Amino acid sequence: MVRETTLEPSDLVYPLFVMEGRAERRPIASMPGIFNLTVDAAISEAKAARALGVPALILFGLPDRKDPEGTQAYAADGIVQRALRALKDAVPELQLIADVCLCEYTDHGHCGVVAKGEVQNDATLPLLARMAVSCAQAGADIIAPSDMMDGRVMAIRRALQEAGHTDTPILAYAAKYASGFYGPFREAAQSTPQFGDRRGYQMDPGNVREALKEVALDLEEGADMVMVKPALAYLDVIAKVKERFDVPVAAYNVSGEYAMLKAAAQAGWVDGDRLVLEILTSIKRAGADLILTYHALEAARLLGA
């Protein structure tokens, strides 16, 4: 009766990895219970999410071919674009979020165009804008740029407006840290950098004032919502962002956080069901309005039990 923070299935966003093929659910070894899904299998997963009260999905694509500029990211018939159209037809009441980044589509695994071994910020912006427009045209309800290039929110906002998508909201990965917790995701999305790392454009884990600056810049450029990633190791950042800015705040309970809990639970060291809800409640208590989590379906089942 006096609980201050209540977790609901409606707080959750479920990430899906979509790939080419048909009727296949390919297990991800480092993320037990999570799969790379063909579009038809993704529809079944989406229907399960909706039945459990989870209101939204975020999509990541595994293309059948990659190149230096990630052209499949913004192709009209790209894997995510086809998945968006199919999911919108099959489960129209779900909110579909399109992750906008090039790392899954480039043959070098970086989030932008590379020249002379360096990621080129300004040359990447038009490609991100093209991807955002193509996803909006395919049915994305929300555009979520995760690349961390400077100025990408403004470039995407302008492109969406020019294409007639003036009401499409942008959920900016505003405070995305250069974290060691992303390893399992990179296996799932086949997006490990082929050289170097992403510290040049993702944030230093020791910085919080920088996070507030990045959030402010993204909002000035036209973002409607902002995200902190990862979530569990950055609860203080979530709290400070929520305190400072009067906008919806999302937090990404990332793959490494998921994998740690699953490994400990499978070893019998912790009560996995109890900790799923405790962790997600802590993220909401810190200030997150939306929680992107691979635990979404199991948490919704536990909350409905």
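Cβ-Cβ contacts under 7 Å between residues 6 or more apart (or on different chains), taken from a first residue in the range 132-155 that is more than 21 Å from residue 114 (Cβ to Cβ) and open to solvent by 10 Å² or more (accessible area, probe 1.4 Å) to a second residue that is at pLDDT below 95 and not small (Gly, Ala, Ser), are listed as 134/74. Counting only helices (runs of 4 or more DSSP H) that fall entirely inside the range 71-188 and contain at least 1 residues that are touching a Phe, Trp or Tyr at 6+ places or on another chain (Cβ under 6 Å) and charged (D, E, K, R), the qualifying elements are 121-138. Using the structure shown, decide if residue 218 is surrounded by 18 or more Cβ atoms within 10 Å (Cβ to Cβ), over 30 Å from residue 30 (Cα atoms) and among the acidic types (Asp, Glu). Criteria met by residue 218. Residue 299 passes every criterion in (1) more than 21 Å from residue 60 (Cβ to Cβ); (2) in a helix (DSSP H, G or I); (3) of a type in the set (Gly, Ala, Ser) apart from (1). Conditions: (1) open to solvent by 20 Å² or more (accessible area, probe 1.4 Å); (2) over 21 Å from residue 85 (Cα atoms). Residue 174 meets all but one. Number of the miss? (1) is the only condition that residue 174 fails.
When the residues of the range 272-305 are filtered to those that are among the acidic types (Asp, Glu), in contact (Cβ under 8 Å) with a residue 12 or more places away in the chain and farther than 26 Å from residue 172 by Cβ, which remaining residue is most open to solvent (accessible area, probe 1.4 Å)? Break it down into steps so the answer makes sense when it comes.
As a first pass, look at the range 272-305 and keep what is among the acidic types (Asp, Glu): 273, 278, 289, 298.
Going one step further and asking which of them are in contact (Cβ under 8 Å) with a residue 12 or more places away in the chain, we end up with 273, 289, 298.
Filter once more, keeping what is farther than 26 Å from residue 172 by Cβ: 273, 298.
Values: 273: 83, 298: 39 Å².
Ranking the candidates gives 273 first.
Taking the residues in the range 131-166 that are at pLDDT below 95 and not polar (S, T, N, Q) as candidates, determine which candidate is nearest to residue 205 (Cα to Cα). It comes out as 148. On inspection, residue 194 qualifies as over 22 Å from residue 294 (Cβ atoms) and either of a type in the set (Lys, Arg) or modelled with pLDDT under 95 (or both). Beta carbons closer than 7 Å, at least 6 apart along the sequence or on distinct chains, pair a first residue in the range 70-96 that is touching a residue at least 60 places away in the same chain (Cβ under 8 Å) and under 25 Å from residue 113 (Cα atoms) with a second that is open to solvent by 20 Å² or more (accessible area, probe 1.4 Å) and basic (Lys, Arg) for 74/130.
Answer yes if at least one residue in the range 95-115 is more than 25 Å from residue 177 (Cα to Cα), out of contact with any helix residue (DSSP H, G or I) (no Cβ under 8 Å at 6 or more places or on another chain) and open to solvent by 40 Å² or more (accessible area, probe 1.4 Å), and no otherwise. Yes; the residues of the range 95-115 include at least one that is more than 25 Å from residue 177 (Cα to Cα), out of contact with any helix residue (DSSP H, G or I) (no Cβ under 8 Å at 6 or more places or on another chain) and open to solvent by 40 Å² or more (accessible area, probe 1.4 Å). Within the range 30-52, residues that are farther than 17 Å from residue 89 by Cβ have Cβ atoms under 6 Å from residues that are part of a loop (DSSP other than H, G, I, E, B) and open to solvent by less than 50 Å² (accessible area, probe 1.4 Å) in these pairs: 34/28; 34/294, counting only partners at least 6 apart in sequence or on another chain. Scanning the range 33-70 for residues that are small (Gly, Ala, Ser) and not in a helix (DSSP H, G or I) yields 33, 53, 56, 61, 70. Looking across the range 33-44, the residues that are over 13 Å from residue 57 (Cα atoms) and open to solvent by less than 40 Å² (accessible area, probe 1.4 Å) come down to 34, 36, 37, 38, 39, 41. All of (1) open to solvent by 10 Å² or more (accessible area, probe 1.4 Å); (2) under 30 Å from residue 265 (Cβ atoms); (3) out of contact with any helix residue (DSSP H, G or I) (no Cβ under 7 Å at 6 or more places or on another chain) hold for residue 55 with one exception: (3).
Name the residue that is surrounded by the fewest Cβ atoms within 10 Å (Cβ to Cβ), counting only residues in the range 1-30 that are among the aliphatic types (A, V, I, L, M) and within 15 Å of residue 60 (Cα to Cα). Full working, then the answer.
Filtering the range 1-30 for residues among the aliphatic types (A, V, I, L, M) gives 1-2, 7, 12-13, 16, 18-19, 23, 28-29.
From what's left, within 15 Å of residue 60 (Cα to Cα): 13, 16, 18-19, 28.
Numbers: 13: 24, 16: 23, 18: 25, 19: 23, 28: 19.
Filtering first and then ranking leaves 28.
The values are calculated or read from the model by the stated rules, or taken from the named source; none is laboratory data. These figures come from a predicted structure and were not determined experimentally. Ideal geometry is used to build each Cβ from the backbone, glycine not excepted, and the neighbour counts take in all protein chains shown. Just so you know, the surface numbers come from the protein's heavy atoms only, side chains and all, with ligands and any DNA or RNA stripped out. Shrake-Rupley method; radii C 1.70, N 1.55, O 1.52, S 1.80 Å.
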